[in-house]
Amino acid sequence: MISYEDAKEKALELNSDVNTCYEFDNAYRFLDKNDDSDGDKSVIILKEDGRALNYVNYILDYATSNEMKQIEF
């Protein structure tokens with residue numbers, strides 16, 4: 001199980017613009033809350049093994065609930 005701090009570090013390595021996080025039951029979603037461009041550039045880090053995914057792959061393959069909570073970044 002990956003910690004929030006380790007997930008945050010990994011997300012920042014993949015996208016240095018992330019500045020907010022939402023927690024799902026099985027993953028963290030890091031994104032730039034100021035980004036208004038087309039397309040999703042968020043980084044999903046799975047809690048189970050620390051694997052990074054894009055948001056679409058997470059929704060299609062791993063999402064178990066729409067419930068999420070914002071984490072203080």
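Within 9 Å, Cβ to Cβ, of N15, how many net charges do the neighbouring residues add up to if Lys/Arg are +1 and Asp/Glu are -1?
-2
So what is the 222 nm mean residue ellipticity for the chain from helices alone, if each DSSP H run of at least 4 adds -39500 (n - 2.57) and you divide by all residues, rounding to the nearest 500 deg cm²/dmol?
Helices in the chain give a 222 nm mean residue ellipticity of -7000 deg cm²/dmol.
Using 0.36 nm per residue of separation minus the Cα-Cα distance, give me the extension gain between E67 and E9 in nm, one decimal. Intermediate results must be reported in sequence, preceding the final value.
Working: separation 58, 0.36 × 58 = 20.88 nm, distance 2.34 nm.
Here the answer is 18.5 nm.
Give the carbon-plus-sulfur fraction of the accessible surface of the chain in %, rounded to a whole number; probe 1.4 Å, heavy atoms of protein chains only.
44 percent
Give the accessible surface of the chain per residue, rounded to a whole number of Å², with probe radius 1.4 Å and ligands, DNA and RNA excluded.
65 Å²
By the scheme Lys and Arg +1, Asp and Glu -1, what is the net charge of all other residues having a beta-carbon under 10 Å from that of S3?
Values: positive: K8, K47; negative: E5, D6, E9.
Residues close to S3 contribute a combined charge of -1.
Return one quarter of the surface area of the convex hull spanned by the alpha-carbon atoms of region 6-73, equal to its mean projected area, in nm².
Dividing the Cα hull surface by four gives the mean projection, 4.4 nm².
The values are calculated or read from the model by the stated rules, or taken from the named source; none is laboratory data. Owing to the predicted nature of the structure, the values given are computational and were not obtained by experimental measurement. Note: ideal-geometry Cβ built from the backbone for every residue, glycine included; neighbour counts use all protein chains shown. In case anyone asks, the SASA skips ligands and DNA or RNA and just uses the protein heavy atoms, side chains included. Shrake-Rupley method; radii C 1.70, N 1.55, O 1.52, S 1.80 Å.
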